[in-house]
Every structure is written in C-alpha cells, then in structure tokens.
Amino acid sequence: MKKYLVIGNPIEHSLSPLIHNYWIKKYGLTESIYEKREVEEKNLKNIVKEIRDDKLIGVNVTVPFKKLIIPFLDKLDSTAKKTESVNTLFKVKNKIVGYNTDKLGFDLTMRELLPNVNNNLASTTSQKKNIFIIGAGGVTSSIVDALENKGANIFLSNRTKKKAEELKKKYTEIEVLDWGKRPQICDVVINTTSIGLKKGEKINIDFSDCRGDQNKLFYDLIYNPKETTFLQEARLRGNNTMNGQKMFLNQAVYAFNLWTNITPEIDDEVIRLLN
Ligand code: ATR
C-alpha cells in the first residue's frame with residue numbers, strides 16, 4: 001500500500017484527503033491511500049523518517065509546520081528555499097526534498113482567473129497595480145514570491161509588524177504599512193490571515209470608498225468557509241471577489257503530479273466535493 005499524508009495542527013479542517021483520494025480512485029491507483037494526521041512539532045523528525053523508510057510516499061505539510069519542517073529535510077526546491085515554506089515532501093534519489101507548490105498554485109490561479117490583472121501586472125505601463133496583502137503568516141511569502149517582479153506595487157500589513165518587516169528583508173519591493181492602515185488605492189486586496197476561518201470574524205480596515213467598483217478584486221486565501229466576512233462585505237459593496245478554493249486545488253494538482261507523474265484534472269466532481 002502506498003501511503004500519503006497531510007500533517008498539521010489542527011488538521012481536522014483539511015480537505016486534502018477528500019480530493020487526493022478522489023484522484024487516486026479516478027486514476028486507478030488502487031494500492032494508494034491519503035490520510036490526515038494531527039502531529040506535534042516533536043513528531044516532525046519521525047514523519048521524515050517514515051518517508052525515508054518508504055512507509056510514506058508523499059506528505060503535505062500545513063499550518064503551523066511549513067517552516068518548522070525544513071531542518072529535517074535533505075534538500076529544498078528553489079521556491080521552498082526562497083520562501084522558507086514547504087508544503088510537499090517527496091523522496092527523490094534517496095533525498096527527502098521539500099517543495100513549495102503553494103506559490104505555483106497561486107500563480108496559476110492568478111493566470112487562469114485574472115488574465116487581465118496578470119497582463120497588467122506584467123506590463124511596463126506607468127499605471128502600476130496596487131496590491132495590498134493583509135497578513136504575514138506562513139503562507140504569505142508564497143504569495144509575495146508569486147507577485148514579485150510583476151511590476152506591481154506591493155503593500156503589506158500585519159498585526160505583528162516585525163513579521164512584515166522580516167518579509168521585506170527578502171522582498172525589498174514591499175512597502176510595510178501599520179496594522180489597520182491601507183494604501184489609498186487598492187486594485188487587489190488579498191487576505192492571507194486566518195481572520196474569517198471562524199464565522200463572523202472581521203478585518204477592521206475600511207474599504208467603503210471601493211463601493212460599486214467591479215474592477216477591484218478582494219481575494220481571500222480561506223476556502224472554508226466559502227465566503228468570509230471579508231469577501232461578503234466586498235461582494236455587497238459590488239467588488240469582484242474570489243476565495244482560496246482554486247489555489248488550494250492547484251497546489252494539490254502540483255503535489256499529486258510530483259508524487260505520481262499524473263496531472264490530475266480539476267473536474268466538476270472534485271469541485272463538488274469541496275462544496
Ligand atoms: P503563522 O504565523 O504561525 O504562520 P498563520 O496561521 O499562518 O500562522 O498566520 C496567521 C496570520 O493571521 C498572521 O499574519 C497573524 O498575525 P500575527 O502575525 O500578528 O499573529 C494573522 N492573525 C491571526 N489572527 C489575527 C487577529 N485576530 N488579528 C490580526 N491578525 C491576525
């Protein structure tokens with residue numbers, strides 16, 4: 001039996017087993033299974049050993065271990081190295097390699113769903129897009145990395161300002177704003193915090209001047225619940241909104257492909273499973 005796993009703490013909410021097991025079945029990998037396991041930091045070393053011993057074939061890593069897992073690995077792909085964030089583990093030529101497929105997932109999502117924004121980002125016109133990122137947690141470096149050198153102005157605000165300033169050391173084009181502040185003009189606003197995971201949680205930043213503007217995109221990395229208060233308020237203001245479902249699926253596509261060499265399809269059924 002080939003065993004795959006997602007580890008995190010908490011892990012209850014993870015929908016990764018649902019989609020990976022769907023693809024395992026769809027592509028006839030009958031001897032495979034994908035499970036979730038709640039682990040403590042002290043268990044990380046052992047998880048890596050299980051991969052070394054072929055007891056586990058592939059592992060996804062989620063909050064709060066994406067950075068903490070790094071010291072136990074033999075090698076990182078270039079994105080994982082730069083972002084210091086690993087979400088996928090796999091043994092290659094007897095080395096346990098940490099990959100970051102979050103960045104790829106976000107990148108692809110922006111390309112697929114927002115070709116205009118992406119084109120504009122890539123353009124050299126003086127009309128630079130203003131992208132406002134809220135939060136500086138584990139996943140934020142993947143988002144910043146995907147947006148880097150795309151010709152946009154990137155603003156970042158985090159409750160703990162020090163964490164935003166840490167990111168700026170690596171991604172110098174970021175402009176750090178005090179918590180609660182925002183850039184005057186926001187073309188895209190991305191929530192990377194965990195605010196909204198619990199129903200009714202609210203980000204206290206005033207976007208009322210964006211009312212009726214369909215060209216503004218409010219993007220939440222959270223996909224469960226499907227519509228956070230942040231997105232609901234944006235929708236009611238008449239702004240464009242998107243949740244993190246596509247990015248979640250896209251990062252899973254890349255992970256599945258690393259492990260199996262199959263590029264799984266994001267079909268209606270897999271989307272239905274998430275809904
Ligand atoms: P980690 O920082 O361990 O990677 P995370 O869940 O990936 O954890 O990130 C949590 C993010 O949500 C952080 O940006 C966090 O802000 P702090 O760095 O100040 O902790 C943010 N966050 C969570 N709850 C918040 C709240 N009630 N108000 C403001 N920011 C919050």
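The values are calculated or read from the model by the stated rules, or taken from the named source; none is laboratory data. These figures come from a predicted structure and were not determined experimentally. Methodologically, a virtual Cβ is constructed for each residue, glycine included, from the backbone with ideal geometry; neighbour enumeration extends over all protein chains shown. Accessible surface areas use protein heavy atoms only, side chains included; no ligands, DNA or RNA. Shrake-Rupley method; radii C 1.70, N 1.55, O 1.52, S 1.80 Å.
Results, tabulated for the structure shown:
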read-out	value
Inter-label distance, nm, simple model (7 Å from Cα along the C-beta direction), Arg52/Lys199	4.6 nm
Exposure ranking of Met1, Met242 by accessible area [1.4 Å probe, largest first]	Met1, Met242
Beta bridges per DSSP with both ends in the range 68-225, % antiparallel, nearest 5	20 percent
Accessible surface, per residue, of the range 167-211 when the full set of protein chains is kept, probe 1.4 Å, Å²	61 Å²
Among beta bridges that DSSP assigns inside the chain, antiparallel share in %, nearest 5	20 percent
Alpha-carbon centroid distance for the pair the range 128-160 / the range 213-242, whole angstrom	17 Å
Principal axis dimensions, largest first and in whole angstrom, of the range 184-275 by Cα	48, 27, 21
HN-Hα J in Hz across the range 75-87 - Karplus 6.51, -1.76, 1.60, θ = phi - 60°, x for Gly and Pro	7, 10, 6, 5, 5, 4, 5, 5, 7, 6, 9, 10, 10
Note, ³J(HN,Hα) from phi for the range 38-51, Karplus 6.51, -1.76, 1.60, rounded to Hz, x at Gly and Pro	7, 10, 9, 4, 5, 8, 4, 4, 5, 4, 5, 5, 4, 6
Helix axis angle, 16-26 relative to the chain longest principal axis, alpha carbon, degrees	60 degrees
Heavy atoms of Thr160: accessible area, 1.4 Å probe, square angstrom to 10	70 Å²
Accessible surface, per residue, of the range 20-77 when the full set of protein chains is kept, probe 1.4 Å, Å²	57 Å²
Cβ-based net charge around Gly180, under 14 Å, with every Lys or Arg adding one and every Asp or Glu removing one	+3
Residue-wise HN-Hα coupling along the range 184-194, computed from phi with Karplus coefficients 6.51, -1.76, 1.60 (Hz; x: Gly, Pro)	4, 10, 10, 8, 10, 10, 10, 8, 10, 7, 8
Efficiency of FRET from Cβ geometry, Thr30 and Asp74, R₀ 25 Å, rounded to 0.05	0.25
Computed label-point distance, nm, for sites Glu84 and Asp206 using a 7 Å Cα→Cβ extension	3.6 nm
Fraction of the pair-distance distribution of the chain above 25 Å, Cα-Cα pairs, percent	46 percent
GluC sites (Glu not before Pro) within the range 191-275, DSSP loop, no more than 12 other Cβ atoms inside 10 Å	Glu265
Selection of trypsin sites (Lys or Arg not before Pro), the range 205-269, meeting DSSP coil and at most 16 other Cβ within 10 Å	Arg211, Lys226
In nm, spacing of pseudo-spin labels at Asn224 and Gln184 (7 Å Cα→C-beta vector)	4.3 nm
Accessible surface of the chain, 1.4 Å probe, proportion on carbon and sulfur as whole %	48 percent
